[in-house]
C-alpha cells in the first residue's frame, strides 16, 4: 500500500535559519505529491504540490522537488519566519486509492 | 468566498448519543472526503464520495456513516459514538478526485 514517512518533530529553528523537512514515500503507480500546512487552530491549507517526476513546487518561499529516484519530496525554505510556525504534512495521491495518504506531520517552531 | 464549512467546530458528547457533523462546500466540487487526525497518526480517511449518491469506505470507516444526497453536502454520522472516536475531524473537497483537496476548519469531538 501507499505510505508517507516524515521526519519526526518538533523542529525548532531561529528566525532566518534554513529549513529542511524530509519526506519519503512508497506508492504504486505515479503519485502526485503535496505539502499541506496547518496553522494553530486552523484546517489544512495546500502549500505546494508536484504532479510528476522532477517537478518543483513552490509557494511563499517554500520549495520541494519530486525525486522519483529517491522517492522523496523534501520541503525547504531558505529563511524561516516566526509566522511559519505550524505543522507541515507531506501527502501523496494516487488514482487507484482515490485518497490522500498523509505523513504524521512535522511541527515547526520558529523563535526570534 | 470559496470554502468548505463544518459544523459544529467543537462538540462534547457522551457515549452512545447519536451525532452528525455537517460539511458543506460552495465550489461545485464532485469529490468530498472525511478524515480524522490523531496525534502520531497524521490524517486518515474515513469515507469519501465521488459524486452524489456515490460513497465508499476509506481506511477507518468503522463506527461512521455518511450520505451524499446533494452535491454540496457530505454529513458525517456517528450512530453510537464511543471514546475512541474522540478526535479532530476534517472534511475536504476537490473538483475531481485527483485534483487538489480543500479542507474545512475542523471539528474537535470529545466523547465521554
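For region B:77-94, indicate whether the set of residues that are within 14 Å of another protein chain (Cβ to nearest Cβ) and more than 24 Å from residue A:6 (Cβ to Cβ) is non-empty.
yes
From the list B:5, B:100, exactly one residue is surrounded by fewer than 18 Cβ atoms within 10 Å (Cβ to Cβ), within 10 Å of chain A (Cβ to nearest Cβ), in contact with a strand residue (DSSP E or B) (Cβ under 7 Å, 6 or more places away or on another chain) and within 24 Å of residue A:42 (Cβ to Cβ). Which is it? Explain how you work it out, then say what you get.
On the way: B:5 fails: within 10 Å of chain A (Cβ to nearest Cβ).
Criteria check complete, one pass: B:100.
Of all residues being farther than 21 Å from residue B:12 by Cα and surrounded by 14 or more Cβ atoms within 10 Å (Cβ to Cβ) in region B:62-73, which is nearest to the other protein chains (Cβ to nearest Cβ)? Just the residue, please. Walk me through how you get there before you give the answer.
First pass over region B:62-73, keeping only residues farther than 21 Å from residue B:12 by Cα: B:67-73.
Now restrict to residues that are surrounded by 14 or more Cβ atoms within 10 Å (Cβ to Cβ): B:67-68, B:71-73.
Numbers: B:67: 18, B:68: 14, B:71: 17, B:72: 18, B:73: 18 Å.
Per the stated criteria, the residue is B:68.
Filter region A:41-54 down to residues that are out of contact with any strand residue (DSSP E or B) (no Cβ under 7 Å at 6 or more places or on another chain) and at negative phi and give me whichever is farthest from the other protein chains (Cβ to nearest Cβ).
A:53
For residues in region B:21-59 being in a loop (DSSP other than H, G, I, E, B) and within 11 Å of chain A (Cβ to nearest Cβ), which is nearest to residue B:1 (Cα to Cα)?
Initially, region B:21-59 is screened for residues in a loop (DSSP other than H, G, I, E, B), giving B:26-30, B:39-41, B:52-53, B:58-59.
After this cut, where a residue has to be within 11 Å of chain A (Cβ to nearest Cβ) as well, the list is B:39-41, B:58-59.
On the way: B:39: 31, B:40: 33, B:41: 32, B:58: 29, B:59: 31 Å.
Among residues in region B:21-59 that are in a loop (DSSP other than H, G, I, E, B) and within 11 Å of chain A (Cβ to nearest Cβ), the one nearest to residue B:1 (Cα to Cα) is B:58.
For region A:61-112, which residues satisfy the criterion of being in a loop (DSSP other than H, G, I, E, B), touching a strand residue (DSSP E or B) at 6+ places or on another chain (Cβ under 7 Å) and without any contact (Cβ under 8 Å) to a residue 24 or more places away in the chain?
Within region A:61-112, the subset in a loop (DSSP other than H, G, I, E, B) is A:61, A:66, A:68-71, A:73-74, A:78-81, A:85, A:95-98, A:103-105, A:112.
Retained after the next criterion (residues that are touching a strand residue (DSSP E or B) at 6+ places or on another chain (Cβ under 7 Å)): A:61, A:66, A:71, A:73-74, A:80-81, A:85, A:98, A:103-105.
The answer is A:61, A:98.
Each reported figure results from applying straightforward, stated rules to the coordinates on display, with no laboratory input. Note that the structure is predicted; figures quoted are calculated from it, not measured. Backbone-built Cβ (ideal geometry, glycine too); neighbour counts: all protein chains shown.
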